[in-house]
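Here the structure comes first, spelled out in structure tokens, and everything after it is commentary.
The values are calculated or read from the model by the stated rules, or taken from the named source; none is laboratory data. If you're wondering where the values come from, they're calculated on a predicted model, not measured in any experiment. Cβ placement follows ideal geometry from the backbone for every residue including glycine, while neighbour counts extend to all protein chains displayed. In case anyone asks, the SASA skips ligands and DNA or RNA and just uses the protein heavy atoms, side chains included. Shrake-Rupley method; radii C 1.70, N 1.55, O 1.52, S 1.80 Å.
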Amino acid sequence: MKSIVVVGAQWGDEGKGKVVDYLAASFDYIARCAGGHNAGHTVIFNGDRFVLQLIPCGILRSGKHAVIGSGVVVDPVALVAELDTLEKGGIDVIGRLHLSNRAHLIFPYHRQMEKAAEAARGAGKIGTTSRGIGPAYEDKMARHGIRVGDLMNPPRFREKLERVISEKDAVCRATYGVPLDTAGMAEQYLALGERIRPLVGDASVLINGALDAGRSVLFEGAQGTMLDIDFGTYPYVTSSNAIAGGACTGLGVGPTRINGVVGVTKAYTTRVGSGPFPTEMPDLEATEVRDRGKEYGAVTGRPRRCGWLDLAVLQYAVRINGISSLVVTKLDVFDTQKEIQVCTGYRYKGTLLKQMPASAEDLAEVTPEYRALPGWQSDTYGVKESGKLPRAAVDYMKFISDFLGVEVGMISTGPERDATIVCAGTKLAAWI
Ligand code: GDP
Ligand code: IMO
Ligand code: MG
């Protein structure tokens, strides 16, 4: 039995798509457990670029199974659009893609209510992806969500939808002064339901059965630790459990069945949307990193905020997720840096903090402590062997690993599949 979770160790966009695509060659099932089409996971191979939002990256590897678990919120319009794109790209998904009947559905009114809520927050807005993710999870927790399984039973679906619409319409009028826009929605969803019917089943039965049969499972995390609803920089977070534990709750797999956790981090840090970001760079430096790293949102196209590597964040991520191996991506983006700053801790009102502050307001007031390391100022783009990395780059990896007490199992030196170094003798190397 081999079952490994891949989790974002920062604020998302760490390169999970590239890493999952690489690892997927060694796994039978690749499963998403949280989030929705707010995720954007980029995979590049043979000159083709795919940005997967809902469908696990494993779908790009022939013969592999891709599973969307119960913890994911699914917009059927987005799902079918993604299916069409894959099929147009020559990827055969029939019989390989599976969707949980317990996953909750996103409706257009979720987007409408999110837009109104963000506008009402004014300067305090979260800067969401506007995909209706938060309101869909709100309905799930409030116990009036509608699930994929309901859509498979048209009379039941209509009945539930009618009830929810009348409740929501009243809330929308009272709170935001606008009626709910639901014209043609039921028919549209029922038609999409027929299209996805062949994918629908019990994802927990599927995954546990696969593990019983000795198959291997890779859990593809979405978002990142600092965007987690419980452990992230609340309220500037997403609305689901993006941490490794989300694999259990979002797929119906017990913790005893998971063998390891791979944490993905960039060689620096980025964040999209609002919220505290202690190591954020000044404009000029951020622009260089943004340009070299092409740091623009894969989903929304928004420029990503850029900053130095924050080991306080990674130390926290190691603890919250139980990370057993780290993957450092985008090393090549630092090829031109003369000197690299690394945050080794925070001061708050003059005192060195031992733990990550729980409040976003406090985190916004910390002063990072930096350690300066020499840059390598040479080309690492596309390097495939650690022996070919410049000394200062090896030292940077060692500094991270020693500080955190966790191995660096893999280093990524470019967006393409083969621009990857697997570090010999590591746990990660043994899982491949
Ligand atoms: P994800 O959400 O964690 O899957 O990450 P995204 O796909 O949103 O963003 C990561 C971006 O970095 C994508 O454009 C990738 O193609 C790119 N990328 C991944 N690894 C590397 C790398 O090692 N070097 C460079 N230059 N780009 C990379
Ligand atoms: P991947 O899987 C980066 C951010 C949004 C916003 C906050 C809440 O590609 O790493 P939401 O629409 O989820 O309610 O927005 O979370 N966010 C992400 N940032 N990568 C992601 O996913 C993200 N998914 C959500 O920018 O700040
Ligand atoms: Mg992304």
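Only protein heavy atoms count here; on that basis, with a 1.4 Å probe, GLU361 has an accessible area of about 120 Å². P(r) tail for region 50-99, what percent of Cα pairs lie past 16 Å? Beyond 16 Å sits 31 percent of the P(r) for region 50-99. When the Cα centres of region 67-94 and region 1-63 are compared, how far apart do they sit, in Å? After rounding, the separation between the Cα centres reads 13 Å. Whole Å is fine, so just give me how far the alpha carbon centre of region 359-409 lies from that of region 180-195. So the two Cα centres are separated by 49 Å. Legend: Rg and Dmax of region 104-194, from Cα coordinates, 13.4, 43 Å. With both bridge residues required to lie in region 265-431, what share of the DSSP beta bridges run antiparallel, to the nearest 5%? In region 265-431, approximately 70 percent of DSSP beta bridges are antiparallel ones. Here is the tail figure for region 208-258: Cα pairs spaced more than 12 Å apart come to 63 percent of all pairs. Of the residues THR336, ALA364, ALA312, the one whose Cα sits farthest toward the positive end of the charge dipole of region 265-431, with +1 on the Cβ of Lys and Arg and -1 on the Cβ of Asp and Glu, is ALA312. Once the Cα-Cα distance is subtracted from the 0.36 nm per residue extended length, the LYS388 to THR85 segment shows a gain of 105.3 nm.
Direction-averaged projected area, Cα convex hull, the chain: 20.5 nm², rounded to one decimal. A simple rule links phi to the HN-Hα coupling: the Karplus curve 6.51 cos²θ - 1.76 cosθ + 1.60 with θ = phi - 60°, which for region 401-414 gives 5, 5, 4, 8, x, 9, 5, 9, x, 8, 10, 10, 10, x Hz, with x for Gly and Pro. Projected onto its three principal axes, the C-alpha set of region 265-431 covers 44, 32, 32 Å, listed from the longest axis down.
Note on region 310-389: Rg/Rh from Cα positions, Kirkwood definition for Rh, rounded to two decimals, is 1.06. Scoring 237-250, 159-172 by mean Cβ neighbours within 10 Å over their residues and listing the highest first yields 237-250, 159-172. Any idea what diffusion coefficient region 303-346 gets from Stokes-Einstein, in µm²/s, Kirkwood Rh on alpha carbon pairs, 20 °C, 1.002 mPa s? Result for D is 174 µm²/s.
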